[in-house]
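Note sheet for the following structure.
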Amino acid sequence: MNSHQQLHDKILHLIDHAKKLGTDQAEASISVALGFEVTARMGDVETVEQHQEKNLQITVYQEHRRGSASTSDLSIDAIMAALHKACAIAKYAESDACLGLADAEKMAVHYPDLQLSHPWSITPEQAIDSAIHCDNVARDQDARIKNSEGASVSTNSDYYVYANSHGFLGDFSSSEHSISCSVIAETNGDMQRDYEYTIARNANDLQTIDWVAKNAASKALARLGAQKISTRQCPVIFHSNVARSLWGHFVAAISGYNLYRRTSFLCDHLHKPVFPDFVTIYQDPHLLGDIGSQPFDDEGVATQKIEYIKNGLLRNYVLGSYSARKLGLQTTGNAGGVFNLCIQSSDHSVDFNLSQLLREMGTGLLLTELIGQGVNLMTGDYSRGAFGFWVENGEIQYPVHEITVAGNLQELFRGVQLIGNDIDRRGNIKTGSVLLDRMTIAGD
């Protein structure tokens, strides 16, 4: 494996050679990943997969034309061949005045150590034992747990370095570890599957194996006896584990690519109300050791805390340098997406947990799973298959399946009533459960 210094030397040599070939600008990145995953099912090991991946990406700009090439071979001959290929592609590419590196003054000259790397000393043999134990504990919870889709334990360590012809070079190491379990409950011919997982940069921050196993079993058991309901309109709560997708559609709608192509229902909405005035949405990319943290974006631009929604108003878009130029704006340091999107309810003196959200809703649907794709980002029309629980008088009555939930995202966003404090922090979007005033439920 190449040392970090060797990778630095190679990438700087590549950028320097690109200049000698007469390119106007050049940028390159190298990523190296190492790890393994094991899966156990029904008390036996099922798979052991180890990976060691390397990749170099080189992009050159010449007279507003762009050429890119990549290679998994990090030898000098291979990366030089990739550079020459990128230069050849640029000669025939279409000219676009918005192409090029992010502005030099935007580079993350000084960036923080976010403590993203915490290697896990677990061996494959230990991981196998843990996965078997997780699978066994889940199946031992109840006689109705008749089958398993397996339990998995994985660990990954990554190193990333980026450089460009502005003279910028930045790098960081990171790690990601996870435990997951999926089981099948069955009674009277009714079979239901559910899963649980935990993920963290630091293995010490993972939930216990027993927690994962017991939650997977209890969630599968809770789905037994699912019923159909008639078509209706009613309030809906997006459980925190599916609410992330709702905010993901919002991010897509304010992302530069969709804005300059005019394929977003939020085009021309800057400084206009999108959510109720108690909603604030921001990114916080420098949370120490967090899954979604990153010191600089994919163009070397310093990441920063940004408010996208403040008191319901759209304050910023999600932009890299190219989309920013297309829109006549400045990059927000979001090449590659958002980093730790946080959803906040700003004016409610009472923190609502999920039970309190259910009581506030009274009667309606608690959504716990979304199925398939059915979102038109241009119009905001939303329609997806779903599974959940019917709620009356603030109490869960029974599980509900074979339904479709539908609405328009612009109306759904304006219809946010409450955001819970049951924040799911396992991903790049941190959100509690979300109560919406109404959606159309298509059933029988």
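The values are calculated or read from the model by the stated rules, or taken from the named source; none is laboratory data. Just so it is clear, the structure is predicted and the values come from calculations on it, not from any experiment. We place every Cβ from the backbone using ideal geometry, glycine too, and count neighbours over all the protein chains shown.
Observations on the structure shown:
- Residues of the range 120-157 classified as closer than 17 Å to Leu224 by Cβ and among the aliphatic types (A, V, I, L, M), total: 3
- Note on the range 1-39: residues that are part of a loop (DSSP other than H, G, I, E, B), crowded, with 20+ Cβ neighbours inside 10 Å and among the small types (Gly, Ala, Ser) total 0.
- Listed by first and then second residue, the pairs linking a residue in the range 65-82 that is farther than 19 Å from Gly22 by Cα to a residue that is assigned to a loop (DSSP other than H, G, I, E, B) and not basic (Lys, Arg), with Cβ atoms under 9 Å apart and 6 or more places separating them unless they lie on different chains, are Leu74/Asn2; Ala78/Ser72.
- Yes/no for Met361 being farther than 22 Å from Ala220 by Cα, surrounded by 20 or more Cβ atoms within 10 Å (Cβ to Cβ) and not basic (Lys, Arg): yes
- For the range 150-173, the set of residues classified as farther than 22 Å from Ile58 by Cβ and crowded, with 19+ Cβ neighbours inside 10 Å consists of Gly150, Ala151, Ser152, Val153, Ser154, Thr155, listed by residue number.
- Among residues of the range 102-119 that are outside the structural domain of Phe168 (by TED's automatic domain parsing) and of a type outside the set (Asp, Glu), none has a beta-carbon under 7 Å from a residue that is assigned to a loop (DSSP other than H, G, I, E, B) and surrounded by fewer than 16 Cβ atoms within 10 Å (Cβ to Cβ) at least six positions away or on a different chain.
- The number of residues in the range 280-294 being in contact with a helix residue (DSSP H, G or I) (Cβ under 8 Å, 6 or more places away or on another chain) and buried (at least 18 other Cβ atoms within 10 Å of the Cβ) comes to 1.
- When residues of the range 102-143 are limited to those that are over 26 Å from Ala33 (Cα atoms) and either touching an Asp or Glu at 6+ places or on another chain (Cβ under 7 Å) or acidic (Asp, Glu) (or both), the one surrounded by the most Cβ atoms within 10 Å (Cβ to Cβ): Asp135
- Filter pass, Ile237 being in the same structural domain as Val318 (by TED's automatic domain parsing) and touching a Ser or Thr at 6+ places or on another chain (Cβ under 7 Å): yes
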